[in-house]
Amino acid sequence: AVATLDLPLQQEIEHIARAHLRELNRHDVTAAAVVVIENATGNIRALLGSPDFSMSQINGAAIRRSCGSILKPFVYLQALDEGRVTAATLLPDTPDAVRAVYPDYDPRNYNDRFLGPVRARDALACSLNVPAVVVLGKVGARRAFDRLRDWGIDFARPFDASGAGFILGNAEVSLLDLTAAYAGLARGGAARAPAFLEVEYQPIRALASRSATLIIQDILADNRARASAFGHQTALNTPQRIAVKTGTSSGFRDAWTVGFNRDHTVGVWVGNFDRRPMTELFAVRAAAPLWRAIMDRLLTEDQPLPEIDPEQDNLEAVPICPLTGLRPGPASPAPFREWFMIGTAPDEDSSLLLRYVEDRPVLHLPSEFAAWCAGPHNHLG
């Protein structure tokens, strides 16, 4: 039997990974792992378990590590597909948003700030923690956990050991499983186990609709939407249309970046095999530059993600008010175009929440935002 590995690509990635660790030049970052999967077939084209086999024989692509925020797109996808949210749904990013569903769980964002009302597109693109748990509550934490297992994620522990916190990093996953699951997103919602041999056949399982998956792809490729959290000048800001997501575990022990173009999915993990923390090093600096270097190499032959075709992809583009996620009304700022599955766009316009008071537009939020409006994080006045 013939292995699926592309040996020249494998050797190039080994050099790229070592160069990345040298450029980081930090004593608290010693290891990296990489997986490259061909989307159409599920074949593993490159797998780097350790940057230097002579120094460590641990396979970093196969060991399970804390997942950070890297699983969030799958929960949003499930909620989209079930009609529980759209990309324009206004979600609460407030200190008390999840207490009604998870009374003993108060997640916070990495910067300890709460943005109040946030559309689902921006919440996912900026990897906000509270809205992700809110969406998890809409789907059901155990159902979302089980669906991730369907995607091929073999968790180290059962759901009861991590609870709802699995979506923010309480669960441990392998880079190989994770990259294969993201390749399913690249295929439009079709899961397939990775293959090590050319003769190995892995069945394809449709786990999400193509239209919902294309919206998630569009969010993960939206540099504008994530800029407020990550900035404009990062390795995530690709000139081509490429989907990508980062994740950083608590204590800075694991940094992840996984993304895909039309042809390949690339997963990267950076950290230390002995689980020592990296000193306040987020994935956007620890793992994303390595991912980007490999993706740039692949794009010498690959194609970026194609643009959405509304007729072919069963989606519609609808003008939306950026403050409310509803159709533009008299007081709305400049609208933007959002993608919706057919029949899911809002009917109401923004005058439901955004109205003029003494010739000034004022946002009137639902009661769930009352404490946030009265607190120090209210940036909307």
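From the list Tyr201, Tyr102, the lone residue that is over 24 Å from Ala87 (Cα atoms), open to solvent by 10 Å² or more (accessible area, probe 1.4 Å), part of a loop (DSSP other than H, G, I, E, B) and aromatic (Phe, Trp, Tyr) is Tyr201. Take Ala191 and decide whether it is in contact (Cβ under 8 Å) with a residue 24 or more places away in the chain, over 15 Å from the mean Cα position of the chain (by Cα) and more than 20 Å from Val268 (Cβ to Cβ). So Ala191 fits the description; yes. Condition first: farther than 21 Å from Ala283 by Cα, outside any helix (DSSP H, G or I) and at pLDDT 95 or above. Can you find one or more residues in the range 145-152 that meet it? Yes, the range 145-152 has at least one match. Give the residues of the range 50-69 that are more than 25 Å from Pro203 (Cα to Cα), in a loop (DSSP other than H, G, I, E, B), touching a strand residue (DSSP E or B) at 6+ places or on another chain (Cβ under 6 Å) and not hydroxyl-bearing (Ser, Thr, Tyr), sorted by residue number. Across the range 50-69, the qualifying residues are Pro51, Gly60, Cys67, Gly68.
Which one of these does Ala229 not meet: (1) modelled with pLDDT of 95 or more; (2) open to solvent by 20 Å² or more (accessible area, probe 1.4 Å)? It fails just one condition, (1). Arg108 meets each of the listed conditions (1) charged (D, E, K, R); (2) open to solvent by 30 Å² or more (accessible area, probe 1.4 Å); (3) closer than 20 Å to Leu214 by Cβ apart from (3).
Residues that are over 15 Å from the mean Cα position of the chain (by Cα), surrounded by fewer than 21 Cβ atoms within 10 Å (Cβ to Cβ) and closer than 30 Å to Asp274 by Cβ do occur in the range 64-86. Applying the condition of being part of a loop (DSSP other than H, G, I, E, B) and touching a Gly at 6+ places or on another chain (Cβ under 7 Å) to the range 277-314 and asking which residue is surrounded by the fewest Cβ atoms within 10 Å (Cβ to Cβ) yields Pro277.
Report yes if Arg297 is more than 30 Å from Arg26 (Cα to Cα) and basic (Lys, Arg), otherwise no. I'd like the intermediate steps shown before the answer.
On the way: more than 30 Å from Arg26 (Cα to Cα): no; basic (Lys, Arg): yes.
Criteria not met by Arg297.
Residue under question is Ser56, and the condition is that it be among the polar types (S, T, N, Q) and at pLDDT 95 or above; does it hold? For Ser56, the condition - among the polar types (S, T, N, Q) and at pLDDT 95 or above - is not met. Within the range 340-365, residues that are under 21 Å from Asn378 (Cα atoms) have Cβ atoms under 9 Å from residues that are of a type in the set (D, E, K, R) in these pairs: Ser350/Arg327; Pro361/Arg355; Val362/Arg355; Leu363/Arg355; His364/Arg355, counting only partners at least 6 apart in sequence or on another chain.
Look through the range 246-265, keep the residues that are more than 19 Å from Val29 (Cβ to Cβ) and not aromatic (Phe, Trp, Tyr), and return whichever of them is most open to solvent (accessible area, probe 1.4 Å).
Filtering the range 246-265 down to residues more than 19 Å from Val29 (Cβ to Cβ) leaves 259-265.
Filter again for not aromatic (Phe, Trp, Tyr), leaving 259, 261-265.
Numbers: Gly259: 0, Asn261: 0, Arg262: 124, Asp263: 40, His264: 23, Thr265: 0 Å².
Step by step, filter the range 246-265, then rank; the result is Arg262.
One residue alone among Val36, Val118 is assigned to a strand (DSSP E or B), without any contact (Cβ under 8 Å) to a residue 40 or more places away in the chain and either within 27 Å of Ser250 (Cβ to Cβ) or of a type outside the set (Ser, Thr, Tyr) (or both), and that residue is Val118.
The values are calculated or read from the model by the stated rules, or taken from the named source; none is laboratory data. It should be emphasised that the depicted structure is a prediction, and the values quoted were computed from it without experimental measurement. In this analysis, Cβ positions are derived from the backbone assuming ideal geometry, glycine residues included, and neighbour counts consider all displayed protein chains. Just so you know, the surface numbers come from the protein's heavy atoms only, side chains and all, with ligands and any DNA or RNA stripped out. Shrake-Rupley method; radii C 1.70, N 1.55, O 1.52, S 1.80 Å.
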